[in-house]
Each structure stands twice: as C-alpha cells, then as structure tokens.
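The values are calculated or read from the model by the stated rules, or taken from the named source; none is laboratory data. All values reported here derive from a predicted model rather than from experimental measurement. Positions of Cβ are backbone-derived with ideal geometry, glycine not excepted, and every protein chain shown enters the neighbour counts. Surface accessibility is based on the protein's heavy atoms, side chains included, excluding ligands, DNA and RNA. Shrake-Rupley method; radii C 1.70, N 1.55, O 1.52, S 1.80 Å.
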Amino acid sequence: MKIKKNKKLSSSQIIMLGFLGVIAVGTILLMLPWSKAGAGGAPFLDALFTATSAVCVTGLVTNDTATYWSAFGHAVILCLIQIGGLGVITIAVFITRLSGRKIGLMQRSTMQEAIAMPQMGGIVRMTGFILKMVAMIELLGAIAFLPVMIPEFGVGKGIWYAVFHSISSFCNAGFDLMGVKEQYSSLTSYTGNVLVNVVVMLLIVVGGIGFLTWDDIKRNGIHLRRYRMQSKVVLSVTCILLLFPAVYFYFSEFGSPIWEGMSTGEKVLAALFQSVTTRTAGYNTVDLTKLTESGQMIMVILMLIGGSPGSTAGGMKVTTFAVLYATAIAVFKRRPNAHIFGRRIPNDTAHYAATVLILYLSLFLAGGIFIGSMEHIPIIQALFEAASAIGTVGITLGITPELCAASKAVLIILMFLGRVGGMTIVYAALARKHSYVSEFPQEKIMVG
C-alpha cells in the first residue's frame with residue numbers, strides 16, 4: 001500500500017492561511033461580551049467585518065469604533081492592526097527568532113514573498129530592521145500626538161489615543177476613536193489642526209513607501225543614484241500621486257462655494273490630507289459626500305493604485321502603475337521593452353502588472369456593481385466603497401454601516417483579497433508548477 005507524502009504548503013498558501021487564522025482569532029475575541037461597550041457580545045458578522053478590516057488595515061466599519069467597542073475591544077483591534085500592518089509572516093519570524101529557533105529555508109522564502117524582497121539573502125536582517133524601524137516611528141508618532149491628545153482627553157486617555165492613532169496611521173489602517181465627539185466623524189474635528197494633519201500624513205506616507213525603500217534611505221541617504229530602481233520608482237511616483245491630486249482638490253474641489261467657510265490654510269491642509277489618505281489610509285478631515293462626483297472618482301483611482309510593495313499599504317501598488325505606464329510609452333515608441341530610470345523592464349514583469357490590473361479592475365467592478373444593485377444606490381457610491389475595500393483604504397461615503405449582509409460579505413472578501421493580494425490567492429489555489437515542453441501554434445490577433 002502506497003502512502004502519499006504530505007505536500008508542503010507554498011509560500012502563497014502560508015501567507016493566505018496566516019491572515020485567515022489571525023482574522024478568525026480576532027473575530028472570536030471581538031465576539032466576547034467584554035469586547036463590546038454595551039450588553040452582550042457583538043454579532044458574528046460585525047465581529048468578522050471589524051476583524052477583517054483591522055487585519056487587512058482597511059478601516060471600513062459597520063459600527064462606530066469608539067462607542068461600540070469597549071477598551072478591551074479597542075486593544076484587540078489595535079493588535080490586529082499591528083499584526084496586519086507588519087504582516088503575519090514578519091510577526092511569525094520575529095517570534096521564531098525570540099524563541100531561539102533556527103529560521104529555515106521555507107520561512108525565509110515565505111518572508112521574501114511577504115515583504116516583496118528581490119532576493120532571499122539578508123531576509124532575517126531585514127526583518128529585524130523592519131521591526132526596529134516600526135517601533136521607533138510609531139513611538140515618535142505617539143509622542144508627536146501628545147500635545148493635542150492630553151489637553152483634550154486627559155493624561156491616561158490622551159496617551160492611549162496618541163498610541164492608537166499613531167499605530168493606525170502608520171499601518172495605513174484608518175481606525176479612529178474620535179466617535180466620542182461625533183459618531184463616524186473620523187478626523188473632521190481637526191481640519192485646521194496643523195500638528196495632527198502633518199503627523200498623520202507623515203505616518204501614512206512613511207508606512208506606505210515600503211520596507212525596501214526604508215533600507216535604501218538608511219544605506220544611501222540622499223544619494224538617490226545608488227537607490228534600487230524600485231525605490232526610485234516608489235519615491236517619484238508617490239510624489240506625483242500626492243502632488244497633482246492635492247492641486248486638483250485645492251483648486252477644483254475646495255475652490256467651490258460650498259467650502260467658503262474654510263480658510264485658505266484649512267483648504268491647503270484638506271487638499272493635501274485627502275490626497276495622502278486616499279493612498280490606503282482611511283481617514284478624512286472633511287465630509288467626502290460634499291465632494292463632486294469627479295473628485296470622488298479621482299479618489300477611486302488613487303485608492304485602486306494604492307501604496308508600495310512590501311509596505312503597510314494596499315492597492316495595485318505604485319510600481320504596477322509605473323510599469324504599465326512605461327510599457328504603454330514603449331508601445332507608442334515601438335520599443336521592444338519598457339525602460340525606467342535607464343533600466344530595461346523584463347517582459348514578464350509587464351505581463352504580471354497587466355494581470356494585476358485586470359484582476360483588481362474585475363474585482364472592483366464586480367463588487368461595486370453587486371453592491372449597487374443590491375442596495376439600489378448610485379453606482380458612484382457603490383464603486384467608492386468597493387474601491388475602498390479592494391484598495392484596503394477605509395474611507396467611505398457613509399453607506400457601509402447601512403449595507404445588507406450580502407454587501408458586507410462582498411466587502412469582507414474584497415478587503416481580504418486586497419490585503420493578501422489577488423495574485424497570492426491565485427498562486428495559492430494553483431500551487432503546482434507546470435513545465436511546458438510544447439507550445440500552441442502562434443497566430444496574430446489585432447488589438448487596439
């Protein structure tokens with residue numbers, strides 16, 4: 001009798017199962033009676049939605065975080081945000097190192113895929129670097145919040161609020177505790193507060209540029225020519241995607257009479273903040289329902305693009321956008337390959353980028369159309385929520401708490417796929433590697 005050998009899980013399967021496991025544990029903890037502020041425990045769907053949103057560092061909620069959950073519930077949510085922001089595999093490698101056990105080849109391979117490292121060498125060193133940087137940045141962010149939080153909420157509560165919002169901002173999660181002022185208000189009470197706006201924006205950007213970019217900055221400082229091409233792409237595209245939308249928001253959106261009650265300084269801050277937060281952070285300092293549909297659609301595009309590979313941000317990633325743009329230019333100029341910063345982009349990278357685009361657009365449109373038809377709401381609202389979920393952003397037009405169970409389930413799936421990565425799911429499902437010894441006959445097809 002032949003006994004089949006147990007097949008080892010692939011890196012993609014380990015990453016996916018790791019996120020699912022943390023979400024399951026988070027759901028159980030949030031269903032406990034002492035996780036909820038009121039009597040009784042939270043319903044399963046609310047607990048699952050919140051746990052998924054926290055682990056996937058999204059920020060969409062079915063209940064106001066500050067008033068619905070207890071202090072224990074807030075602590076659970078914050079732990080889930082931290083695990084989701086760093087990545088389940090990063091945490092697992094850290095625990096393995098603390099226990100003194102050797103990190104094997106499989107763990108290194110999984111870690112490489114999880115943080116988008118180009119090679120396996122130095123992966124353990126990179127893990128230690130990531131954890132130290134995260135602790136330092138989140139601590140500095142919390143300290144920076146104290147001058148605002150302590151006078152407003154008192155010493156104990158102020159310190160807790162500073163820590164919570166520092167971690168949530170850095171991890172691009174968008175969860176907030178400002179519902180104590182007004183439910184679902186996010187950071188709208190700080191529209192003109194320079195300190196809060198600047199600290200939150202800096203934490204979001206630093207968390208969203210990726211761990212490899214941090215490593216380049218540490219190693220090479222201001223010598224940009226020595227940076228990896230990926231870091232150059234991340235920094236340049238990030239600057240472009242922050243600057244141009246901010247200019248649009250300031251002149252086209254906040255130049256409208258509906259915002260005439262805001263000062264020039266508040267409009268500048270609001271324009272910058274909305275441009276930054278759309279990159280997967282989930283906060284807002286103004287009422288987004290007052291934006292025009294054009295402004296909301298620009299936000300949808302930015303949410304789909306997202307942040308950088310190997311970062312706390314989600315979305316298709318700025319590198320995917322850059323490769324697709326460079327490939328289009330190469331086609332226009334009839335070049336065989338795309339070029340970025342004097343380097344040739346392999347064709348398989350362009351194929352991968354096109355696949356990611358199709359995958360995200362398909363999920364985004366399918367989710368948005370489903371929600372729109374189920375809820376009988378304007379399609380722009382449905383697409384906005386779908387983009388916020390698949391991009392793990394968390395900003396909302398205020399309709400998420402009112403959605404039916406089926407629509408919430410769709411958002412849960414989109415959040416999970418957006419954080420883990422659609423391609424990771426595909427690779428997890430199709431774990432076998434096929435080696436093809438023959439090819440189909442080739443025939444041209446006209447496109448465009």
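Some observations on this one:
- For the stretch 249-262, backbone phi angles converted through the Karplus equation (6.51, -1.76, 1.60; θ = phi - 60°) give residue-by-residue couplings of 4, 5, 7, 8, 8, 7, x, 6, x, 5, 9, 5, x, 8 Hz, Gly and Pro being listed as x.
- Taking label positions 7 Å along the Cα-Cβ direction at both residue 72 and residue 297, the computed distance is 4.9 nm, reported to one decimal.
- Remark on residue 314: its backbone amide H falls under 5 Å from those of 307, a criterion applied only to residues 5 or more positions apart or on other chains, H modelled at 1.01 Å from N.
- Summarised as an ellipsoid, the stretch 303-405 has semi-axes of 33, 14, 9 Å, derived from the eigenvalues of the Cα gyration tensor scaled by 5 and square-rooted, with the largest first.
- The stretch 199-349 - percent of accessible surface contributed by carbon and sulfur, probe 1.4 Å: 63
- With all protein chains kept in place, the per residue accessible area of the stretch 266-412 amounts to 40 square angstrom at a probe of 1.4 angstrom.
- Cα gyration tensor category, rounded, prolate or oblate, for the stretch 146-288 with a/c compared to 1.5: oblate
- Accessible surface of residue 348 - all protein chains present, 1.4 Å probe, nearest 10 Å²: 100
- For the stretch 368-393 versus the stretch 247-296, the gap between their alpha-carbon centres in whole angstrom: 21
- Long pairs among 36/408; 267/408; 157/181; 132/157; 290/408, criterion Cα-Cα beyond 22 Å: 267/408; 132/157; 290/408
- Most to least packed among 250-263, 268-281, 405-418, 165-178 [average Cβ atoms within 10 Å]: 165-178, 268-281, 405-418, 250-263
- Cut-off 12 Å (backbone N to label point 7 Å along Cα→Cβ of residue 357), residues of the stretch 272-288: none
- Using just its DSSP H runs of length 4 or more, each adding -39500 (n - 2.57), the chain gives a mean residue ellipticity at 222 nm of -20000 deg cm²/dmol after division by all residues.
- Relative contact order (%) - criterion: Cα under 8 Å, at least six apart; region: the chain: 18
- Cross-link reach list, lysines versus residue 8, counting only Cα pairs under 21 Å and skipping chain neighbours closer than eight places: 102, 433
- Whole-Hz couplings from phi, Karplus 6.51/-1.76/1.60, listed for the stretch 165-182; x for Gly and Pro: 6, 5, 5, 4, 5, 4, 7, 6, 8, x, 6, 9, 10, 7, x, 5, 8, 7
- Distances between placed amide hydrogens fall under 5 Å for residue 69 paired with 37, all partners being 5 or more residues away or on another chain.
- Per residue, the convex hull volume that the Cα atoms of the chain enclose (Å³): 198
- With contacts taken as Cα pairs under 8 Å and at least 6 residues apart, the stretch 257-355 reaches a relative contact order of 16 percent.
- Under a Gaussian network description of the chain, with springs only between Cα atoms under 10 Å, the residue in 207, 21, 391 that fluctuates furthest is 21.
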